[in-house]
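> Below you'll find the structure I mean.
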Amino acid sequence: MNRSDLTEQLLRSMRQQRIDIDLTLAILERFNAGRYDHVRPLTASGIPTVDGQAVVDRTAAAQLSLPLDSAAAQLERLLPGVPVRDLATVRGSECSFSASQLTRLGRRLLPRLSYGVLNGGSATSYADEKKNRGLSDRLFRLLQDDFETLAELSRGRAKGLTPAYINGNGTPGASFLELKMRSNLIHALHYQRAFGSDAGGLIPLFPMFQMTSVYNSDEVASAYDQYRSSPMLQDLIEATGIDITRVMTGVQPLLAAYTHSAEGRPRRVFDRAWGKPHTALPLPGGHGQNFAVLKQVYAELYRIGKRFVYLGNVDNLGFTVDAISLAWLALSGKQAAFDFSFRTSVDIKGGILVRDQRGALACADIGPAISSDEVFRAEADGERILFNCATGLFRLDYLVEQIDRIIEELPMRFSDQDKDAGRYSQAEQVTWEIIGLLDDFIVFGVDKYDRFLAAKLLLETLMTSGRRLDLPDYPTGSEPSTDLRGTARRLHAGLERALTSTYGLRRHNGRWFPLAPSEIETP
């Protein structure tokens, strides 16, 4: 199917809805030619163990030992002229790094790192009443006033610009993006205190980068102009000399929906959205498109001297820079590192770390790829189940070198939909399926309540904020998976730790306020 096969009315509909026509047709052509026929649901063959090499327990005190020659070679590439003996404990042909030594090394490498967020679309689904009631109608009714307050500030806006929490006095907190920028500036402040402002022309954690969409890119850019004078950022921008709001951006295009599989092959562009002839339906193509959308951004970051990139979702308050992980990846020379949290009693859906049919590490969804019974049975046998936190730390030289192969080979999955807009199929790529394309990476097993404070629904944000936790009507249950109060308490404790330490805030009269730069202690 090419442009000449599309009616003028359909082309006009696609243009009006800002659909990338060329990309839509290119994907369609590849599908009809059988280029995606090899994409099959992943089948799990087993659960990997924590071995301290490929899978590392980061909830325990960090300790890394490796050959002296290997560590020296990796460090010479990144910190030329800095002896290993200045950074590690050396014994003969071996060297070891304690948690404090890894932290100092990771901090020293911050000028070589850029931090990126996948912004996604608007927060309309996040604030949808029906979806939130689906989590717990009883909890929704208990928190309805707070829900309506935040929903009013969220619907139709870029999710990263919406409040990331609600204060104890009921007022909205800082946005997800403000907090992430603040955290990066605090890390830069720690670097400057430890090593000075001269980093060989590089600036720690600057520039940030992001993927936005055609719908929210202008809104996000406008917000950043205002963020320069935000109480969360202004003093830190002045103290560090880093305008963190100058962000490198790639804009994700929209795809059109395709015809439902029931209509057979060849597929066509879906042209009856909402029952209207010659009407297209715009859809996102998944966060996995970041590798194509940000290809030039990754190349430019490498050109200016960056050697690592962090990548994660904007709505995870636990996704912040971890100096130990950075140091560990740098010393290992591996391609990437990913955060997976050890399973808790409420983690019954989502992607977990498995071994695939070849015995390689992969991420597979409970249900489609591995049954919940298999997961619970493995856990009963002493295995520790790891859930995907959607956080990746990549070695940039590898990413830039392999980017075309990644774009080509990252699975494109077509899923049939039956919704108000009609029966159609959607094409999507998932970022974290990149794990299946790598052959040498690390998985860090982390604490969910430190590194995965995610909010897919606004009701989850209210749970994490600790709203009305002590009311007798707050849902509890005899089973851990139904004990929403217990889950909310753990999430709230994680949020308080993050706001106090990572984000440099203090609580006063029921609200969180930013510490002045002089009040922020460097650990």
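> Excluding D22 itself, calculate the net charge of residues whose Cβ lies under 11 Å from the Cβ of D22, where each Lys or Arg counts +1 and each Asp or Glu counts -1.
Residues near D22 contribute -1 overall.
> How big is the charge dipole of the chain about its Cα centre, in debye rounded to the nearest 20, if each Lys and Arg gets +1 on its Cβ and each Asp and Glu gets -1 on its Cβ?
In total the dipole reaches around 440 debye.
> What does the C-alpha gyration tensor say about the overall shape of the chain? Classify as rounded when a/c is under 1.5, otherwise prolate if a/b is larger than b/c, or oblate.
Here the chain falls in the rounded category.
> Roughly speaking, what is the stretch gain from Q16 to M1, that is 0.36 nm per residue apart minus the C-alpha to C-alpha distance, in nm to one decimal?
Values: separation 15, 0.36 × 15 = 5.40 nm, distance 2.04 nm.
In short, 3.4 nm is gained.
> How far apart, in nm, are the 7 Å Cα→Cβ label points at R265 and E152?
About 5.3 nm, to one decimal.
> Among DSSP beta bridges whose residues both lie in the chain, state the antiparallel percentage, nearest 5.
Roughly 65 percent of the beta bridges in the chain run antiparallel, per DSSP.
> Right, something else. Once a ≥ b ≥ c are taken as the square roots of the eigenvalues of the Cα gyration tensor of segment 423-523, is the result rounded (a/c under 1.5), prolate (a/b larger than b/c) or oblate (a/b not larger than b/c)?
Numbers: a/c = 2.04, a/b = 1.22, b/c = 1.66.
It is oblate, given that a/c is not under 1.5 and a/b is not larger than b/c.
> Right, here's the next one. Compute the FRET efficiency between T89 and S45 as 1/(1 + (r/R0)^6), taking r as their Cβ-Cβ distance and R0 = 35 Å, and round to the nearest 0.05.
The computed FRET efficiency comes out at 0.35.
> What are the principal axis extents of the Cα atoms in segment 285-400, in Å, biggest first?
49, 34, 33
> Rounded, prolate or oblate for segment 98-175? Axes are the square roots of the Cα gyration tensor eigenvalues, ordered a ≥ b ≥ c, and the cut-off for rounded is a/c under 1.5.
Prolate is the answer for segment 98-175, as a/c is 1.5 or above and a/b outweighs b/c.
> What list of ³J(HN,Hα) couplings, whole Hz, do you get for segment 105-117 from phi and the Karplus terms 6.51, -1.76, 1.60, once you set θ to phi - 60° and write x for glycine and proline?
So the J values, rounded to whole Hz, are 5, x, 5, 5, 8, 4, x, 8, 10, 10, 10, x, 10.
> Averaged across orientations, what area in nm² does the convex hull of the alpha carbons in segment 357-486 project?
So the Cα hull casts an average projection of 12.4 nm².
> Continuing with the same structure: Apply the Karplus parameterisation 6.51 cos²θ - 1.76 cosθ + 1.60, with θ equal to phi minus 60°, to every residue of segment 9-14 and state each ³J(HN,Hα) to the nearest whole Hz, in sequence, with x for glycine and proline.
5, 5, 4, 5, 4, 5
> Right, next: If you take every DSSP beta bridge fully contained in segment 101-253, what fraction is antiparallel? Give it as a percent rounded to 5.
Of those bridges, close to 35 percent are antiparallel.
> If you don't mind, another one. Starting from the 7 Å offset along Cα-to-Cβ, what nm value, one decimal, do you get for the label separation of E374 and S125?
Simple spin-label model gives 2.6 nm for this pair.
> Among G285, F270, G250, which residue has its Cα positioned farthest towards the positive end of the charge dipole of segment 227-321, with +1 placed on the Cβ of Lys and Arg, -1 on the Cβ of Asp and Glu, and the dipole taken about the Cα centre?
F270
> At a 10 Å Cβ-Cβ cut-off, how would you order I186, I366, fewest neighbours first?
I366, I186
> Give me the percent of DSSP beta bridges within segment 330-447 that run antiparallel, rounded to the nearest 5.
75 percent
> Rounded to whole Å and ordered largest first, report the semi-axes of the equivalent ellipsoid of segment 54-207 derived from its Cα gyration tensor (root of 5λ).
44, 19, 13
Read-outs throughout are calculated quantities, based only on the coordinates presented, and are distinct from any laboratory measurement. Everything numeric in this text was worked out from a predicted model, so none of it was measured. Here the Cβ is made from the backbone with ideal geometry for all residues, glycine too, and neighbour counts use every protein chain on show.
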